[in-house]
1. Here is a list of conditions, (1) in a loop (DSSP other than H, G, I, E, B); (2) modelled with pLDDT of 95 or more, and VAL26 meets all of them except one; can you say which number that is?
2. Got a sec? Which helices (runs of 4 or more DSSP H) wholly within the stretch 171-253 have at least 1 residues that are within 26 Å of ASP123 (Cβ to Cβ)?
3. Test of understanding: among ASP157, ASP180, which residue is away from ligand 1 (no atom under 16 Å from the Cβ) and either assigned by TED's automatic domain parsing to the domain that holds LYS27 or without any contact (Cβ under 8 Å) to a residue 40 or more places away in the chain (or both)?
4. Of all residues in the stretch 88-116, count the ones that are part of a loop (DSSP other than H, G, I, E, B) and either more than 7 Å from ligand 1 (Cβ to nearest atom) or closer than 16 Å to ALA278 by Cα (or both).
5. Considering the stretch 218-251 alone, what residues qualify as being surrounded by fewer than 21 Cβ atoms within 10 Å (Cβ to Cβ) and near ligand 2 (Cβ under 9 Å from one of its atoms)?
6. Would it be correct to say that PRO69 is within 29 Å of ASN250 (Cα to Cα) and either out of contact with any helix residue (DSSP H, G or I) (no Cβ under 7 Å at 6 or more places or on another chain) or not assigned by TED's automatic domain parsing to the domain that holds ALA241 (or both)?
7. So in the stretch 259-304, with the set limited to residues that are acidic (Asp, Glu) and within 15 Å of ligand 2 (Cβ to nearest atom), which one is modelled with the lowest pLDDT?
8. Under the condition of being more than 18 Å from GLU154 (Cα to Cα) and under 23 Å from the mean Cα position of the chain (by Cα), which residue from the stretch 180-200 is surrounded by the most Cβ atoms within 10 Å (Cβ to Cβ)?
Amino acid sequence: MTPRLTDTLTPVKKSALPDAQTVTDVKHWTDRLFSFRITRPAALRFRSGEFVMIGLMGDPDPGTGKQKPLLRAYSIASPSWHDELEFYSIKVQDGLLTSRLQHIRPGDGIILRPKPVGTLVHDALLPGKNIWFFATGTGFAPFASLLRDPQTYENYDEVIITHTCREVGELEYGRQLIEDIRGDAMLNELLGTEHLAKLKYYPTTTREESANMGRITDLMRDKTIFEDLGMPPLSPDTDRAMVCGNLAFNLDIKDLLEGYGLEEGANSNPKQYVVEKAFLDWRCVYSGDETRFWESAGLRHQRDKAP
Ligand SMILES: Cc1cc2nc3c(=O)[nH]c(=O)nc-3n(C[C@H](O)[C@H](O)[C@H](O)COP(=O)(O)OP(=O)(O)OC[C@H]3O[C@@H](n4cnc5c(N)ncnc54)[C@H](O)[C@@H]3O)c2cc1C
Ligand SMILES: NC(=O)c1ccc[n+]([C@@H]2O[C@H](COP(=O)([O-])OP(=O)(O)OC[C@H]3O[C@@H](n4cnc5c(N)ncnc54)[C@H](OP(=O)(O)O)[C@@H]3O)[C@@H](O)[C@H]2O)c1
């Protein structure tokens, strides 16, 4: 009998590893996107917007038969106050991890390395009036966390989230999350109903017709987004930004933000904007400008630790 993919890279039994957690819920959004929740270890503390390493056990070594964990970086999509951990994931059909991770079901175990890190945190920004979250694809995940964090609304007068995807279906996780934030009585109480009036959602698509068509970078250059939202272009005096998308997007947004006069910050040196990669495209490392790649990926100080 042909083994199923999940037979060779299996969810782990909860007792097999100290870092194993249990899957509590799985939702498939498209044939390329799904989200899931796992139990949260009591000792895990994180700041909304950070990422952790999660994964499954790898194939047995042909020589020794031993299995090693196969881990990937994942933004925690749930806010820091939540009693479970949520993740929003791509399904890469030939991806080592996600070709199998996409088959997890409630009750399965997955590995969580409980060491959260990341640059998309409030601490990395100086105080400001407006906060802009710019995402493409699964880069929405850290903002799903920050958008459910009361601190986001306490710190800023306006909270703007932009999300650019190729197709309308790829916006659905974010669209439903925004709808839940606006409509959920518990979240309204937690975040403050008056605070939620600050939330502005600006989804765009590039390859399928929708209300806002085009790359967000183009809509910033031609000022469409500012006209649509009734806001002026970003200024270092009032605006702060967090960016999470593919490499080219991160680089383009950085150029735009610096053109507006914003400077890049870090945990150790808060400034006006921060950037993090939604994924690493390893082909870029060998084909392009490596220094810019690592910078845009936010891995300047983590290069030796990169997977
Ligand atoms: C800091 C950080 C945070 C991340 N957070 C998330 C997250 O919240 N959700 C998530 O799905 N992924 C996230 N990733 C990417 C994730 O680590 C894996 O790359 C992804 O799970 C695919 O793993 P894989 O082993 O199946 O394929 P890999 O071998 O890791 O990737 C194969 C190829 O698939 C493409 N790819 C990988 N990830 C994505 C993606 N997210 N969107 C579109 N194309 C992709 C790239 O071209 C990549 O070269 C993050 C990466 C980093 C560095
Ligand atoms: N999404 C799919 O249906 C699909 C299907 C099969 C395979 N893939 C592969 O999966 C990988 C990831 O695809 P993805 O769609 O998740 O992510 P992606 O290629 O990063 O695109 C996500 C969104 O970001 C936009 N974008 C890309 N570069 C940008 C830039 N420099 N500035 C502003 N916006 C930018 C894209 O617009 P544009 O459309 O203008 O590029 C798209 O709307 C790609 O390698 C792709 O070939 C995707």
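1. Tallying (1) in a loop (DSSP other than H, G, I, E, B); (2) modelled with pLDDT of 95 or more, VAL26 fails exactly one: (1).
2. 172-183, 185-191, 193-196, 216-221
3. It is ASP180.
4. Quick first cut of the stretch 88-116, residues part of a loop (DSSP other than H, G, I, E, B) only: 91-97, 102-108.
So of that shortlist, the ones also either more than 7 Å from ligand 1 (Cβ to nearest atom) or closer than 16 Å to ALA278 by Cα (or both) come out as 91-95, 97, 102-108.
The number of residues fulfilling the criteria is 13.
5. Filtering the stretch 218-251 for residues surrounded by fewer than 21 Cβ atoms within 10 Å (Cβ to Cβ) gives 218-219, 221-224, 226-233, 235-238, 246-248, 251.
Selection gives ASP218, ASN246, LEU247, ALA248, LEU251.
6. no
7. Among residues in the stretch 259-304 that are acidic (Asp, Glu) and within 15 Å of ligand 2 (Cβ to nearest atom), the one modelled with the lowest pLDDT is ASP289.
8. ASP184
The values are calculated or read from the model by the stated rules, or taken from the named source; none is laboratory data. Just so you know, these numbers come straight off a predicted model, no measurement behind them. Don't worry about glycine lacking a Cβ; one is built from the backbone with ideal geometry, like all the others, and counts go over all protein chains shown.
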